[in-house]
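A quick write-up on the structure given underneath.
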């Protein structure tokens, strides 16, 4: 791995952390806040590609687990895993990988990037986060899934925003996942 790759990975780790500075919006009964941090996950996949994006989110999750309060609302520590947000947080790693994989697979463009962020940034995160939240709360998976619908409008806005930023970077000759194909 080149020094440039390490820099990009750490940059997106930091970006995900900085997006945690936006105040979280708590969803009643769920115990899972709406945050801007999934935008960082989506952008890392589109810009870094699969493996580098997954590594960026792995570093972020490791820092949170080490107790550094990088999550929205200043939360961090191993206790996150025992709460309803644990699965959503862990889901960021495979989500970033899937977004990058889908962005790398074929001709890059607006639609591909939106589909990648929706599939990975929403689908994969919910696929891991919803059952996890149901497991650690008294709610059924159906109740958690229904409650998670409160996140969907914001997540769709973040997916479109991430795609727009990635397309803009691509159009201006900056790196996106497609430039990392080897």
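Figures for the structure shown
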{"read-out": "Per-region count, segment 60-73, residues in contact (Cβ under 8 Å) with a residue 40 or more places away in the chain and more than 19 Å from residue 128 (Cα to Cα)", "value": "4"}
{"read-out": "Out of 156, 169, sole residue that is in contact (Cβ under 8 Å) with a residue 60 or more places away in the chain, surrounded by fewer than 19 Cβ atoms within 10 Å (Cβ to Cβ) and part of a helix (DSSP H, G or I)", "value": "169"}
{"read-out": "Filtered residue count, segment 127-147, keeping only those that are buried (at least 18 other Cβ atoms within 10 Å of the Cβ) and under 19 Å from residue 93 (Cα atoms)", "value": "5"}
{"read-out": "Total residues in segment 27-52, condition more than 24 Å from residue 84 (Cα to Cα) and surrounded by fewer than 21 Cβ atoms within 10 Å (Cβ to Cβ)", "value": "1"}
{"read-out": "Residue that is buried (at least 22 other Cβ atoms within 10 Å of the Cβ) and at pLDDT below 90, where the choices are 177, 162", "value": "177"}
{"read-out": "Which numbered condition residue 103 fails, given (1) farther than 27 Å from residue 21 by Cα; (2) without any contact (Cβ under 8 Å) to a residue 24 or more places away in the chain", "value": "(2)"}
{"read-out": "Hits in segment 82-126 (condition: farther than 29 Å from residue 173 by Cα, at pLDDT below 95 and surrounded by 19 or more Cβ atoms within 10 Å (Cβ to Cβ))", "value": "84, 85"}
{"read-out": "Which numbered condition residue 68 fails, given (1) under 26 Å from residue 7 (Cα atoms); (2) outside any loop (DSSP other than H, G, I, E, B); (3) modelled with pLDDT of 95 or more", "value": "(2)"}
{"read-out": "Residue check for residue 92: within 21 Å of residue 9 (Cα to Cα) and touching a residue at least 40 places away in the same chain (Cβ under 8 Å)", "value": "yes"}
{"read-out": "Yes/no for residue 24 being within 26 Å of residue 139 (Cβ to Cβ), in contact (Cβ under 8 Å) with a residue 40 or more places away in the chain, surrounded by 17 or more Cβ atoms within 10 Å (Cβ to Cβ) and more than 13 Å from the chain's Cα centre (by Cα)", "value": "yes"}
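The values are calculated or read from the model by the stated rules, or taken from the named source; none is laboratory data. Model, not experiment: these values are computed from the prediction. No Cβ is skipped: glycine too gets one built from the backbone with ideal geometry, and neighbour counts run over all protein chains shown.
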